[in-house]
4 protein chains.
Amino acid sequence: MRPGNRKIPGEISHRKAGTRGRALATAAEILRRDGYSRLTMERVAAKSGVAKTTIYRRWPTKAALCVELYLEVAGRELHDPDTGDIASDLRHICNTVMRLQTRTVAGPAFIGLIAEALSNPGSSASFLAEFAKRRRELTRRVLKRAIHRGEIRAETDVDLVIDTLGGATTFRLLQRHAPLSRKFADALVTLVLSGCKTPQTSRARKEMR
Amino acid sequence: MRPGNRKIPGEISHRKAGTRGRALATAAEILRRDGYSRLTMERVAAKSGVAKTTIYRRWPTKAALCVELYLEVAGRELHDPDTGDIASDLRHICNTVMRLQTRTVAGPAFIGLIAEALSNPGSSASFLAEFAKRRRELTRRVLKRAIHRGEIRAETDVDLVIDTLGGATTFRLLQRHAPLSRKFADALVTLVLSGCKTPQTSRARKEMR
Amino acid sequence: MRPGNRKIPGEISHRKAGTRGRALATAAEILRRDGYSRLTMERVAAKSGVAKTTIYRRWPTKAALCVELYLEVAGRELHDPDTGDIASDLRHICNTVMRLQTRTVAGPAFIGLIAEALSNPGSSASFLAEFAKRRRELTRRVLKRAIHRGEIRAETDVDLVIDTLGGATTFRLLQRHAPLSRKFADALVTLVLSGCKTPQTSRARKEMR
Amino acid sequence: MRPGNRKIPGEISHRKAGTRGRALATAAEILRRDGYSRLTMERVAAKSGVAKTTIYRRWPTKAALCVELYLEVAGRELHDPDTGDIASDLRHICNTVMRLQTRTVAGPAFIGLIAEALSNPGSSASFLAEFAKRRRELTRRVLKRAIHRGEIRAETDVDLVIDTLGGATTFRLLQRHAPLSRKFADALVTLVLSGCKTPQTSRARKEMR
DNA sequence: CTATAAGCGAGACGGTACGTCCCGTCTTAGA
DNA sequence: TCTAAGACGGGACGTACCGTCTCGCTTATAG
């Protein structure tokens, strides 16, 4: 991810203190302020003072730049909650994702990447699949565990559930017709889980209410 | 939509057989073959023989062009099935949407439009909201009817259901990790409905199987 | 000049009161305010409310339009003064021309026409020659008369004198390095005449040779 | 004038043998063949193989391009003759200017620049003034010297003389009613000088006043 | 007193050029 | 060796006018 001169906080950079850092920071700022389409290799170069050539050397595409921005944030925040309760786990993931999307650079970065992949089918599909997979894996692990614990039925179509959770969130994010609230996350998880709970759990839930 | 010399099918065009038509057809072809990002006002003009100026006169943006392409197909195909059964209705809609997205120009057009709206937040958000709303309305009508018929619970969060159905489909479309099959549609509808069926219907359904 | 419906003051126009007039007035205004290059058939049409087609029907070129504007003013103001004294006559002409150029639409119109003829050599050279000739004729008549009266020598190169008078004025007009004042006109006429006066008028002539 | 990679004749260019040179040469050719109005940044780019962007980078305007073309020729040819005789000096300058205008690219370039300045008053007036001044300075120097030598009167209105000489030439150039011959230059110089010679040179001067 | 032709408005159209933004590649020079 | 600096060829943008055209509406006069 950091070709050559990695810069771990505290360590001294090989070069003038963070060519990479300056570029990324500038990119993040542009992304936050002006959105993906206004993010331009040219502008990053101009605003950051890093030469265009250098930027191109590190990130062949602005998509690549965004992948790095996204992963830097998402990698830090997206963890397996493992609370012991499937509903709780899923709510946690949903809320984290929603926060990432609406409050951090990961939002515009991710959205931009989807846009990129969408309009350049094939070309950049690879990276999208790449890190979308990571997110899927997380949810998959959570669901498998729930099956193992008997919280949801074994025949549950895991991928379908993942699509449903992720899709509903993304859909609302894209269409902006309604806010991505905590209440929404709760309702979504409840709706989806009610379609795959095991009878035991189902009964138990009601009693808890 | 058709300013000035309208061309109603069957009627003879006032002008040399469809400036509008030629442009749209060319755009559709480029869209199908090369995707949204390769769709260029310049190319449409060059390939169709319609002057760039004329194209800009009708469609201020390539997004606008795509909206028209999309609506022309979607408007023709997306109807309220009204089969009398909620599951059947939703499956029908899902399948139609999936077919539109994967087999017609509406697919790349729609995807491109989302991409556009995503990377140009605000600016073109309007048109997206515009025709996304149409699609939502259709499903909303279907769901309201089901509530009225007592098939699903009255407290059902209609918007949530719409997001879930539409989102899951779109998500799979975007990430291409799995096919948009008829089986997928069935499973999706079943999953979602199981979260909002009324007790009566729930029991009845099993018996019908 | 006025094909078809001429509009003599007092007479009722055949059509809606002065299509021609409105167009010309608008053109004059644009010319005065924004200069020749901003004078555009399109703009005249838009601002005057006269259809572009109509304008093109009357004036095939914006040059044609300007010729008409120029002649309307110049035709009214440029007359043979015939004061009986060559210096006085020439001063009068110079001053009139200077006034036309600096205080009326004839200025920008004339300048624009020269510009046009300059950059489109050949094409519009005709009209330039056309009305430049009129101006030359006027001065030529004045000079011939002076020769006849014995004020200036018979061998005087009339064309050279015309070029010198007109040229100096135009040069100063173009380069704007100094004002086109009455004093300038006087000095110019004096300078030029001193080169062609007859011995009677100025006995010294012989010795100069 | 030559930003960055300067190309002094004799020196080897840093880049592929003269982007600048190719563009200028092409421009000169178009100018000579088709005139100023057909000279187009687009065409220069297309014919020279130099990218439009690159051309715009060097010359913000086609006027700027022409200034360079003009100066390249004029700078080489317009020198102070300093023959020791005012009439001879002026004749020399006149003839050089006439040759420049009628036989070299400087002709159409200069004419185009005037046209430009005329139709875009203010905007490009600056450059016109700029290099018109150089020409004026040359003549001014020659005249001052003549005053110093006592060839012409000290009170001579130098600017008026310059306007007269330059104007007459330009006027004839613009109107094309008569050729710019050597004979014309002689006559012009004689006419103008006869208006400012000192009594020593021409004792009659006093009596003319 | 009507038909008809002319003048006109409206504006679609194909087209050329504009001047700008970004792309991604390349060369040069300096640390 | 990595980098800053920036020239370069190129594609597309969206705009301004160009000059041509087709279409109907209006009106004045010729039949």
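We did not get these values from a lab; they are worked out from the coordinates using the rules stated. Please read these numbers as outputs of a predicted model, since none were measured by experiment. Here the Cβ positions follow ideal geometry from the backbone for every residue, glycine too, while neighbour counts run over all protein chains shown.
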Ranked by how many other beta carbons lie within 10 Å on average, peptides C:47-57, D:19-29 from highest:
D:19-29, C:47-57
Environment charge at D:THR40 (Cβ cut-off 14 Å; Lys +1, Arg +1, Asp -1, Glu -1)
+2
List, shortest first and in nm to one decimal, how far the label point of B:THR40 (7 Å from Cα along Cα→Cβ) is from its counterparts in the other copies.
1.6, 1.9, 2.6
How far is it, in nm, from the label point at D:ALA51 to the one at B:ALA64 when both lie 7 Å from their Cα along the line to the Cβ?
3.0 nm
If you count, for every residue in A:180-192, the Cβ atoms of partner chains within 10 Å of its Cβ, what is the mean?
3
Enter the mean number of other protein chain beta carbons within 10 Å of the beta carbon of each residue in A:150-157, as an integer.
1
Taking the label point 7 Å from Cα in the Cβ direction, how far apart in nm is B:ARG182 from each other copy of itself, listed shortest first?
4.5, 9.8, 10.0
Amide H neighbours of A:ILE152 under 5 Å, at least 5 residues apart or on other chains, H built in the peptide plane: list them.
A:ILE147, A:THR198
Each label point is 7 Å from the Cα along the Cα-to-Cβ direction; what then is the distance between the points at A:ARG76 and A:GLU42, in nm?
3.2 nm
Suppose you put the label 7 Å out from Cα in the Cβ direction; list, shortest first and in nm with one decimal, how far B:ARG149 is from each other copy's label.
3.8, 11.0, 11.2
Burial order of peptide ranges C:60-67, D:191-198 (average beta-carbon count within 10 Å, highest first):
D:191-198, C:60-67
For A:SER181 and C:LYS144, extending 7 Å from Cα along the Cα-Cβ vector and measuring point to point gives, in nm, a value of 9.7 nm
From other protein chains only, count the Cβ atoms within 10 Å of every residue's Cβ in C:173-179, then give the mean.
6
